[in-house]
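Undergrad: Next up is a structure, given as structure tokens.
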Amino acid sequence: MSFGAVMTRDVPVNKVEPKESAIKISNLRKVFERKGEEIEAIKGIDLDIKEGEFVSIVGPSGCGKSTFLHIVGGFIERTSGVVSVRGEEVGKPAPDRGMMFQESTLFPWRKVYDNVAWGLEVQKFPKVEIKERVEYFLKLVGLWEFKDNLPSELSGGMRQRVSLARVLAFDPKVLLMDEPFGALDSQTRETMQVELQRIWSESKKSVIFVTHDIEEAVYLSDYVVILTKRPSVVKEILKIDLPRPRDVSIRKSYEFIDYRNHIWDLLHEEENVKSIGGRSNAK
Ligand SMILES: Nc1ncnc2c1ncn2[C@@H]1O[C@H](COP(=O)(O)OP(=O)(O)OP(=O)(O)O)[C@@H](O)[C@H]1O
């Protein structure tokens, strides 16, 4: 990632080779219109996310995180600025950008296998390839043995894993995740974070991950982008120099707590900070 003001904390830094840009955002601005009134959600965001990076976005409630993600996904039009994915300017939604939401978007009447196969069928993939992909990704998320179950027969965490398999089956270049674990209980959420870290490290996708949970952001990310209150700009970009793979016990380390507290302080400086959720409020 490269930006104007990247902050690193006082922890060891591994030297890495410069990487290609996966997602470039310059001067992004978004103004909504509601009943003749203008609502400026995003004032100006600049980011350069490199291939394979995991970047979380945190910020006060209503600062424009979801709007930002939906613009990168091509679901919402930007007012001005440039958004490109691997050199191509973002227009409409496309399979190279996989999107995952807080609530499972699985079809309740389709079995797990058929839910994961659905998008590939719509895109007219050959049957043999569909089978290969569905099997591979259901095994990756650990749910192959549930392929014949309906979503209603699974737990919330399992449903989100199926949603993840469905997104990954398209082999998108980037993954856009909007609070994907927000509706899960804390135990399941932690399990999902560990799973996501493993899947991300195996699949090498670039990820933008929106969350209210500061610890989740620190645990998963290479960088955490902290937005200001609306109309949002980037307040700080924090590089998370914790070794990978990260065991859950890393949350108890001084470095982890230092990152968490720093983000908490930044968010606390912003108005509406009381509406920031997650365990980190218990500082
Ligand atoms: N379609 C819309 N029309 C008008 N205003 C909108 C629309 N969508 C979002 N907004 C406004 O834009 C601002 C940013 O909303 P957004 O949902 O992106 O924030 P957020 O940071 O994701 O919020 P939260 O943390 O609560 O999920 C809010 O003030 C919201 O009311």
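Undergrad: Only Cα pairs under 8 Å and at least 6 apart count here; give the relative contact order of the chain as a rounded whole percent.
TA: Computed value for the chain: 27 percent relative contact order.
Undergrad: Specify the residue with the greatest mean-square fluctuation among VAL82, VAL72, VAL162, computed from a Gaussian network of the chain linking alpha-carbon atoms under 10 Å apart.
TA: Among VAL82, VAL72, VAL162, the largest GNM mean-square fluctuation belongs to VAL82.
Undergrad: If one takes the longest principal axis of the Cα atoms in the chain, at what angle in degrees, from 0 to 90 and to the nearest 10, does the Cα axis of helix 254-269 lie?
TA: Tilt of helix 254-269: around 70 degrees.
Undergrad: Further, regarding this structure: Can you report the principal axis dimensions of the range 106-171 using only the alpha carbons, biggest first, rounded to whole angstrom?
TA: Per principal axis, max minus min of the Cα coordinates gives 30, 23, 17 Å.
Undergrad: Beyond 28 Å, what percent of the Cα pairs of the chain remain?
TA: Counting every Cα pair in the chain, those more than 28 Å apart make up 37 percent.
Undergrad: Taking K and R as +1 and D and E as -1, what net charge do the other residues with C-beta under 10 Å from the C-beta of PRO95 add up to?
TA: 0
Undergrad: Using r as the Cβ-Cβ distance of GLN123 and ARG86, and R0 as 22 Å, what FRET efficiency do you calculate, to the nearest 0.05?
TA: The formula returns an efficiency of 0.70 here.
Undergrad: Further, regarding this structure: Looking at the chain as a GNM with Cα springs under 10 Å, which of GLN193, GLN123, GLN160 has the largest mean-square fluctuation?
TA: The residue with the greatest mean-square fluctuation here is GLN123.
Undergrad: Restricting to Cα pairs below 8 Å that are 6+ residues apart, what does the relative contact order work out to for the range 106-171? Please round to a whole percent.
TA: 50 percent
Undergrad: Hey, for a label at ILE250 modelled as a point 7 Å past Cα toward Cβ, could you say which residues of the range 186-229 have their backbone N under 14 Å away?
TA: Within reach of a label on ILE250, which here means backbone N under 14 Å from a point 7 Å along Cα→Cβ, the range 186-229 contributes 193-202, 215-224.
Undergrad: Something else: Quote to one decimal, in nm, the extra length available between TYR136 and ILE257 on full extension: 0.36 nm per residue of separation minus the C-alpha distance between them.
TA: Gain in length upon complete extension: 39.9 nm.
Undergrad: Ok, one more. Roughly what would the spin-label model give for THR79 and ASP265, points 7 Å off Cα along C-beta, in nm?
TA: Distance between the two pseudo-spin positions: 3.3 nm.
Undergrad: To the nearest Å, what is the center-to-center distance of the range 28-101 and the range 171-202, using C-alpha atoms only?
TA: Value for the Cα centre distance between the two parts: 20 Å.
Undergrad: Divide by every residue of the chain the summed helix terms, -39500 (n - 2.57) for each DSSP H run of at least 4, and state the resulting mean residue ellipticity at 222 nm, rounded to the nearest 500 deg cm²/dmol.
TA: -10000 deg cm²/dmol
Undergrad: With springs only between Cα atoms under 10 Å apart, run a GNM on the chain and tell me which of LYS204, LYS127, LYS30 wobbles the most.
TA: LYS127
Values quoted throughout were computed directly from the atomic coordinates according to the rules given, and no laboratory measurement underlies them. From a predicted model like this one, the values you see are computed outputs, not experimental measurements. Using ideal geometry, Cβ is built from the backbone for each residue, glycine included, and neighbour counts are taken over all protein chains shown.
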